[in-house]
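A short write-up of the structure that comes next.
We did not get these values from a lab; they are worked out from the coordinates using the rules stated. As the structure is a prediction and not an experimental result, all values here were calculated from the model. Here the Cβ positions follow ideal geometry from the backbone for every residue, glycine too, while neighbour counts run over all protein chains shown.
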Amino acid sequence: MEIAEIKSRLTLANLLSYYSLKPDKNLRLHCPFHDDKTPSLQVYYKTHTAYCFSSNCKTHGKSMDVIDFILHKENCSKAAAIKKAIEILGSGSTVIINNNPAPVKPLVGREQFLANMFIYFRNAVHNSPPAKEYLQKRNLDFKKIEVGYNAGQFHHGARKEETLINQCLEYGLLIDKNLTARTGEKAYQPFGKWCVCFALRNAQNHITGLYFRSTLNNENAKHFYLKERSGLYPGLSQHPHKKINPNRSYYRCGNPFKQ
Ligand SMILES: [Zn+2]
């Protein structure tokens, strides 16, 4: 059996159920490949791939197909992972290793992008004393509500990657102001830097907007909405007045700060 055939027969859903892993309603899992406090592993059933958004993860930065998933889960070689895949499929035929498999296209689209970024921002709260301190002052428990923190580092280090930067520019998380970094490289201005961040959701509970509230005491620059704002906090589906216009002011429809 060729790898392509294995991949076409072994679905990600089958693989997850084989390992008794159940994604939540947002198709996220507590990542089995690192010590994961919030579900960081996003599952993509359309492409049969998974991606871990934690920078603490050994798989971080790489989309995993079913074979990669087995490889990490079993901590084995690629050849052993292929054998295991066949075993899972319940077949014993010979494998021809195809070294040039068709690349799996990463999922794009604004909603997917916002969902991914929000996972990243939520994870960042755990490592940010200023964010925790700010939330505590506002009586917001980050373990109970969905809140993130934007340190403005989301396009740096291991995350620095052309696709991510282009998506951030397209959806407004990075702004091109013709800046040059000290290294001589092109630099971008992050949107909503040093802000806590909330997801605005539509009736399907998909993230359709992000709201940023500055943790700095700047009276003139406190509230920032990502461009093409829509959705509500904590979500239209959870809102008592369902006839509400989803584009109406965030503040009148569920302010997490309860002012
Ligand atoms: Zn992980």
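Using a Cα-Cα cut-off of under 18 Å, which aspartates and glutamates could be cross-linked to Lys186, ignoring same-chain neighbours fewer than 8 residues away? Filter leaves Glu161, Glu162, Glu170, Asp176.
Straight Cα distances below 19 angstrom link Lys222 to the lysines Lys132, Lys137, Lys193, Lys258, with same-chain residues fewer than 8 positions distant left out. What percentage of all Cα-Cα pairs in the range 3-89 are separated by more than 16 Å? Percent of Cα pairs beyond 16 Å in the range 3-89: 48. Under 22 Å of direct C-alpha separation, and excluding same-chain neighbours fewer than eight residues apart, Lys25 reaches these lysines: Lys37, Lys46, Lys143, Lys144, Lys242.
Mark the label point 7 Å from the Cα of Lys177 along Cα→Cβ and return the residues of the range 186-213 whose backbone N is within less than 14 Å of it. Answer for this model: 187-194. Going from the residue with the fewest nearby Cβ atoms within 10 Å to the one with the most, Leu173, Leu140 rank Leu140, Leu173.
Find how much the distance from Arg229 to Glu162 grows on full extension, using 0.36 nm per residue of separation minus their present alpha carbon separation; answer in nm with one decimal. It would help to have the intermediate numbers written out before the result.
On the way: separation 67, 0.36 × 67 = 24.12 nm, distance 2.45 nm.
Length gained between Arg229 and Glu162: 21.7 nm.
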